């Protein structure tokens, strides 16, 4: 027996193939969080933010701001299973400065995060934003989609942020949303959310006509539940597992109702306003595998507190009315895991 072959057989016997090192799969952690009024402490004369100042009714101070960003960091790193998330979608941030503080004044500064943000026409001055790890995510392009309407429902709301990036061998389109709130009543504000859904659907149609196999992931606080018309009829987002029509979407959040109650609580009722929605291709054909079992609502103990009025638990929020309460947010974060096959 030739010497080289002999030694090869000995090595195989001592180190079977099953025991050889296996290349670790790349895992991408995507988190969305409505951080509830992350304002700076000075008055912007162009927006209605004056209540979040030291001398106004909420007595919003530098110390309270710094406590809040530390708690937001803890929430994000826990949502990342102890790792820095690769993509972070945010809602209710006032401006670029507060996002830069969130990164620079917490351990998020240990990794290089890029920021995508633009001032939106929201009357209170709150915006959406996206953070991405520059050492793991390759940005391609981004745009801010205007949300407004003329006529009977004349309004301006937060822009929808569209971010296109490379994750490994795949390109993914991320859309960060914060749809019009229910303030003023559900019926009175429903049409605004329907209009927002039509605006987003039009953008998705343009994208999917060009590339029916596009990987799309919507995230956000939609101020609506998965069964409402704005999702099922207008946005064409069906409950998981959806169907095989590449122009329709699959609402991953419908899986979470079996494992948790919701992301926000009003009057003792949990609601699933914060959702993740994907294209058919991302769930079935992409080289990125969406780990449904590791995705969901991040209902960590430190983000909850007892609800003495309605029993059970509720999110531990920053304010109760005008009174400072010391919590993180009135919403819970959500996450999805993408695994490179």
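Give the residue that is farthest from residue 221 (Cα to Cα), with candidates limited to residues of the range 164-194 that are in contact with a strand residue (DSSP E or B) (Cβ under 7 Å, 6 or more places away or on another chain) and surrounded by fewer than 20 Cβ atoms within 10 Å (Cβ to Cβ).
168
Applying the selection to the range 150-163, what residues are assigned to a strand (DSSP E or B) and crowded, with 18+ Cβ neighbours inside 10 Å?
160, 161, 162, 163
Quick check on the range 321-341: of everything there that is assigned to a loop (DSSP other than H, G, I, E, B) and free of Cβ contacts under 8 Å to residues at least 24 places away in the same chain, which residue is surrounded by the fewest Cβ atoms within 10 Å (Cβ to Cβ)?
Among those residues, the one meeting the criterion is 321.
Test of understanding: among 257, 263, which residue is closer than 30 Å to residue 308 by Cα and buried (at least 19 other Cβ atoms within 10 Å of the Cβ)?
263
If you scan the range 128-149, which residues turn out to be touching a helix residue (DSSP H, G or I) at 6+ places or on another chain (Cβ under 9 Å), crowded, with 21+ Cβ neighbours inside 10 Å and modelled with pLDDT of 95 or more?
Of everything in the range 128-149, those that are touching a helix residue (DSSP H, G or I) at 6+ places or on another chain (Cβ under 9 Å), crowded, with 21+ Cβ neighbours inside 10 Å and modelled with pLDDT of 95 or more turn out to be 129, 131.
Condition check: in a strand (DSSP E or B), touching a helix residue (DSSP H, G or I) at 6+ places or on another chain (Cβ under 9 Å) and either without any contact (Cβ under 8 Å) to a residue 40 or more places away in the chain or on the phi > 0 side of the Ramachandran plot (or both). Does residue 277 satisfy that?
no
Can you tell which of 67, 122, 141, 135 is outside any loop (DSSP other than H, G, I, E, B) and over 25 Å from residue 281 (Cβ atoms)?
Residue meeting the stated conditions: 67.
From the list 242, 268, pick out the single residue that is modelled with pLDDT under 95 and surrounded by fewer than 21 Cβ atoms within 10 Å (Cβ to Cβ).
Only one candidate qualifies: 268.
Going by what's in this entry, would residue 90 be described as part of a strand (DSSP E or B), surrounded by 20 or more Cβ atoms within 10 Å (Cβ to Cβ) and within 18 Å of the chain's Cα centre (by Cα)?
Considered against the rule, which asks whether it is part of a strand (DSSP E or B), surrounded by 20 or more Cβ atoms within 10 Å (Cβ to Cβ) and within 18 Å of the chain's Cα centre (by Cα), residue 90 comes out as yes.
Select from the range 51-73 the residues that are farther than 17 Å from residue 325 by Cβ and either crowded, with 16+ Cβ neighbours inside 10 Å or in contact (Cβ under 8 Å) with a residue 40 or more places away in the chain (or both) and list them in ascending order.
Within the range 51-73, 53, 73 qualify.
Just the residues that are more than 21 Å from residue 183 (Cβ to Cβ), in contact with a strand residue (DSSP E or B) (Cβ under 7 Å, 6 or more places away or on another chain) and outside any helix (DSSP H, G or I), please, taken from the range 197-225.
214, 215, 216, 217, 218, 219
Could you list, in sequence order, all residues of the range 229-262 that are assigned to a helix (DSSP H, G or I) and either closer than 27 Å to residue 314 by Cβ or touching a helix residue (DSSP H, G or I) at 6+ places or on another chain (Cβ under 8 Å) (or both)?
Matches in the range 229-262: 229, 230, 231, 234, 235, 252, 253, 254, 255, 256, 257, 258.
The values are calculated or read from the model by the stated rules, or taken from the named source; none is laboratory data. Just so you know, these numbers come straight off a predicted model, no measurement behind them. Note that we place each Cβ from the backbone using ideal geometry, even for glycine, and neighbour counts take in every protein chain shown.
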